[in-house]
Structure formats: structure tokens, C-alpha cells
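Since the structure comes first, as C-alpha cells, the remarks are kept for the end.
Every number here is computed from the coordinates shown, using simple stated rules; none is lab data. Keep in mind it's a predicted model, so treat the numbers as computed, not measured. Here the Cβ is made from the backbone with ideal geometry for all residues, glycine too, and neighbour counts use every protein chain on show.
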Amino acid sequence: MPKILVAEDDHTMVSLLKTLLKMEGFDVVDLDAHADIPAAVVREHPDVLLIDVNLGKQKGTEIVSLIRKNPEFSQMNIVMTSGLNLRDECMKRGANHFLLKPFMPDDLLKVLKT
């Protein structure tokens with residue numbers, strides 16, 4: 001089953017995402033907003049990184065740029081989310097997809113299954 005690493009600072013959102021993704025057959029690993037996300041990517045080797053743009057003191061865009069510098073993860077599927085329309089910036093930093101919050105569960109599943 002595909003593994004998804006979820007980096008999100010909203011605990012309610014994490015709970016909802018975990019429930020949805022597990023029901024759809026994904027293996028879900030959630031991270032604290034203060035976690036070392038690049039290290040978690042190396043440790044977990046996820047198929048997908050689902051990451052919020054704003055993670056407390058961390059910036060998802062900077063994290064994605066750093067992850068993309070590692071050739072081992074150049075092809076990993078990265079989905080970025082935000083309440084602001086930052087699609088262009090996220091795509092320039094290395095995201096494969098961007099979802100504007102609030103998004104419908106079907107929109108997320110469609111992106112994950114492409």
C-alpha cells in the first residue's frame with residue numbers, strides 16, 4: 001500500500017486526513033509541525049509527501065526545495081496545501097500538485113491516484 005507522509009500543523013486536519021487516507025488504503029505517517037521533515041522523508045521513504053505551506057516556524061516551500069535537491073527524492077510525489085492561492089510558488093519549488101484549502105476529499109484522492 002502506498003505510504004503518505006503528512007506534514008500539517010492543524011491537528012483537526014491531520015485527524016481527518018489520516019481517517020480518509022487509511023479508509024482509502026494508504027499507509028499514513030503524520031509528523032509534528034516542528035519535526036525535521038527532510039529527515040523523516042529519508043527515514044520513511046514515502047510515496048507521497050502531503051505538506052502544508054505554513055508549518056508554524058517552518059516554511060513548506062523551503063522544505064520542498066531542500067528535499068528536491070536530493071536525487072533520491074527527485075521523483076517523489078509532493079502535494080502542497082494552503083489557505084492562500086500559492087500554486088505558482090509551490091510548483092516552482094518542486095511540488096507536483098497544489099490544493100487550495102479547504103479542498104474536497106475527492107480532489108485530494110484524485111491527485112494522489114494520478
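Ranked highest first by average number of other Cβ atoms within 10 Å, how do 40-50, 68-78 line up?
Going from most to least packed, we get 40-50, 68-78.
Of the DSSP beta bridges with both residues in segment 1-84, give the percent that are antiparallel, rounding to the nearest 5.
Of the beta bridges lying entirely in segment 1-84, close to 10 percent run antiparallel.
Using the crude model of +1 on Lys and Arg Cβ and -1 on Asp and Glu Cβ, and no other charge, please compute the dipole size for the chain relative to its Cα centre, in debye to 20.
Charge dipole, the chain, about its Cα centre: 280 debye, nearest 20.
Say the dipole of the chain comes from +1 at the beta carbon of Lys and Arg and -1 at that of Asp and Glu; which of Thr114, Val6, Val28 then lies farthest toward its positive end?
The residue sitting most towards the positive pole is Thr114.
State the label only: which of [x] 92; [y] 167; [z] 69 corresponds to volume of the Cα convex hull per residue in Å³ computed from the shown model?
Answer label, from the structure shown: [x].
Given H placed on each backbone N at 1.01 Å, which residues far from Asp30 in sequence or on other chains put an amide H within less than 5 Å of it?
Under 5 Å from the amide H of Asp30 lie the amide H atoms of Val6, each far enough along the sequence or on another chain.
Quick one: which residues, 5+ away or cross-chain, put their amide H under 5 Å from the amide H of Thr81? H built at 1.01 Å from N.
Amide H neighbours of Thr81: Ile51, Asp52, Val53, Leu99.
Taking θ = phi - 60°, what integer Hz values does the Karplus form 6.51 cos²θ - 1.76 cosθ + 1.60 yield along segment 61-66, in sequence order, with x for Gly and Pro?
Going residue by residue, I get 5, 5, 5, 5, 4, 5 Hz, with x marking Gly and Pro.
Each residue of segment 100-111 in order: what ³J(HN,Hα) in whole Hz does its phi give by Karplus 6.51 cos²θ - 1.76 cosθ + 1.60, θ = phi - 60°, with x for Gly and Pro?
Residue by residue, segment 100-111 yields 7, 7, x, 10, 7, x, 5, 5, 5, 5, 4, 5 Hz.
Report the relative contact order of segment 12-114, percent, no decimals, based on alpha-carbon pairs under 8 angstrom and at least 6 residues apart.
21
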